[in-house]
Amino acid sequence: MMRSKRGSSTVFLMMILSTVMSIVLLFFVGARNEYVKSRADAVISLSGDSLMSEYNSYVHKEYGLFVLDGRKSKLTANLRSYLDYSMNGVRGFEIEQADAWCGGYSLADTDLIREQIVEHMKYAAAAGLADSVMKSADQENSMAWETLRNRETIVSLPSYGMAENSLTMTARHMAADPDGIRNAFSDKTDEYMVNRYVMRYFNNQVHSADSSHFFRDEVEYVLGGKLSDKENEKAVCGGLKALRFPLNLQHIYSDPSKMKKLLAAAELLAPEASAAAQFALASAWAYAEADNDVELLLKGYKVPVLKDKSTWAMDLDNVIEGIGGGTAVPDTQKGYDYEEYLQCMLFFVNINVKTARIMDLIQINTRMNSDSDFVIKEHCVGVNIAVKINGRSFRYEKKY
């Protein structure tokens with residue numbers, strides 16, 4: 001009987017011990033699995049951060065933007081390299097899968113680069129650097145005209161094939177709502193931030209932001225989209241004249257003294273058709289003033305959107321007689337200068353076209369100064385990561 005009790009106790013103790021050992025083993029396995037998960041999670045996240053650190057250094061230095069080579073083969077190879085390095089010598093970790101790709105972060109979507117531009121300029125504004133973002137555009141532009149002729153580069157540009165209204169159409173739209181032009185200087189909008197970015201980082205006809213850039217007239221390129229400086233200057237000057245002409249004509253018809261001169265001149269030139277002659281003279285006078293306005297802007301003077309007697313420059317007699325005599329400077333200097341007029345025109349350009357042309361310029365300058373094979377649409381601003389370790393799957397998204 002005693003032996004039976006002892007045997008039962010032994011069996012009972014063995015069952016308890018077995019249960020305890022099972023629980024301990026279960027805790028051990030769980031702790032190990034948690035360790036593997038935690039270690040893998042940290043390593044993969046760190047490897048993803050390392051992958052994101054390989055942004056294009058030229059683009060970041062020159063334009064303050066982060067863009068990463070978005071080719072899947074390169075992203076995956078770099079990710080695997082970081083994982084292998086981090087896991088080297090660590091036992092019990094088996095990397096079964098490792099992939100990285102752009103997904104929804106490809107710069108084929110112009111919205112993504114625009115988001116970075118806006119954030120960059122907001123930071124600059126908050127830091128008091130909005131008017132001196134890394135570069136100074138205070139030096140006069142003495143660069144030579146250039147023309148982009150390389151077909152491979154042209155067809156790879158983000159704006160290639162995009163349709164946009166001519167600057168003449170844009171200017172007429174602006175002239176129809178002169179009060180709306182003030183909106184171009186409202187710093188409460190993302191549009192303003194993008195326009196300021198263009199004005200600070202790119203050359204224009206009167207100021208040079210960086211003489212190492214390909215085009216002399218980069219802001220004009222954003223406006224005109226032509227492949228040569230000469231064509232873009234012509235397009236912008238034509239747009240400025242198309243803007244100034246109706247506004248000047250409006251002033252002539254609102255000024256009694258000018259209308260009196262017009263009526264007298266029309267009666268003298270064509271007594272039997274004075275109304276038609278009056279309109280023809282008014283148009284010629286307004287256009288001559290518009291032509292002079294552009295000359296004033298290019299020489300550093302200011303021209304107001306809506307003129308008064310003190311800011312009018314051209315005399316009707318000189319227009320009739322075809323007397324030139326150089327640029328006529330009005331008595332009063334007020335209004336906008338050339339760069340401010342560029343900013344006004346930028347405000348009325350389609351935002352997607354404008355962003356694509358900004359990307360064009362970044363690509364052109366990067367190919368010329370840093371990487372001859374650079375294509376900005378093949379880059380991204382974030383990555384998707386999928387890794388499988390010891391049968392467990394991990395997924396991450398990283399974005400600048």
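The values are calculated or read from the model by the stated rules, or taken from the named source; none is laboratory data. Because the structure is predicted, anything quoted here is derived from the model rather than measured. Here Cβ is always computed from backbone atoms with ideal geometry, including for glycine, and neighbour counts include all displayed protein chains. Accessible surface is based on the protein model in full, side chains and every heavy atom, while ligands, DNA and RNA are left aside. Shrake-Rupley method; radii C 1.70, N 1.55, O 1.52, S 1.80 Å.
Summary of computed values
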| item | result |
| --- | --- |
| Accessible area per residue, Å², the stretch 125-231 with all protein chains present, probe 1.4 Å | 50 Å² |
| Amide H contacts of His379 (H built 1.01 Å from N, under 5 Å, at least 5 apart or other chain) | Gly70, Leu107 |
| Residue-normalised accessible area of the stretch 249-400, expressed per residue, 1.4 Å probe, Å² | 45 Å² |
| Vicinal HN-Hα couplings computed from phi for the stretch 251-257 (Karplus, 6.51 cos²θ - 1.76 cosθ + 1.60; Hz; Gly/Pro x) | 5, 4, 6, 9, 9, x, 5 |
| Pairs from Lys74/Lys399; Lys307/Lys354; Lys72/Lys377; Lys37/Lys398 whose Cα-Cα separation, in the structure shown, is over 22 Å | Lys307/Lys354 |
| Rounded, prolate or oblate (a/c below 1.5 giving rounded, otherwise prolate when a/b exceeds b/c) for the stretch 284-400 by Cα gyration tensor | prolate |
| Extension gain from Lys61 to Lys37, taking 0.36 nm per residue of separation minus the Cα-Cα distance | 4.9 nm |
| Ordering of 189-201, 295-307 by packing [mean C-beta count within 10 Å, highest first] | 189-201, 295-307 |
| Residue-averaged [θ]222 nm for the chain, counting only DSSP H segments that reach four residues, each worth -39500 (n - 2.57) | -18500 deg cm²/dmol |
| Residue-by-residue Karplus 3J(HN,Hα) for the stretch 48-59, coefficients 6.51, -1.76, 1.60, Hz, glycine and proline x | x, 5, 5, 4, 5, 6, 8, 5, 5, 5, 5, 4 |
| Cα→Cβ-extended label distance, 7 Å offset, between Asn183 and Val155, nm | 3.9 nm |
| Portion, in percent, of the accessible area of the chain that falls on carbon or sulfur, probe 1.4 Å | 53 percent |
| Mean separation of Cα contacts under 8 Å (6+ apart) over length of the chain, as relative contact order % | 25 percent |
| Two-site label geometry, Phe279 and Ile95: point separation in nm, points 7 Å out along Cα→Cβ | 7.7 nm |
| Listed candidates (1) 0.99; (2) 1.30; (3) 0.95 - label of the one calculated as Rg/Rh (Cα atoms, Kirkwood Rh) | (2) |
| In sequence order, calculated HN-Hα J values of the stretch 292-308 (Karplus, 6.51, -1.76, 1.60; Hz; x Gly/Pro) | 5, 4, 5, 4, 4, 4, 5, 9, x, 7, 10, 9, x, 5, 10, 8, 10 |
| Inter-label distance, nm, simple model (7 Å from Cα along the C-beta direction), Asp109/Asn390 | 3.5 nm |
| Net dipole in debye of the chain [+1 Lys, Arg Cβ; -1 Asp, Glu Cβ; about Cα centre; nearest 20] | 2820 debye |
| Set of the stretch 53-78 residues, backbone N closer than 20 Å to the point 7 Å along the Cα-Cβ line of Glu119 | 53-71 |
| Lys pairs, the stretch 206-279 - Cα-Cα below 24 angstrom, 8 or more residues apart or on other chains | 5 |
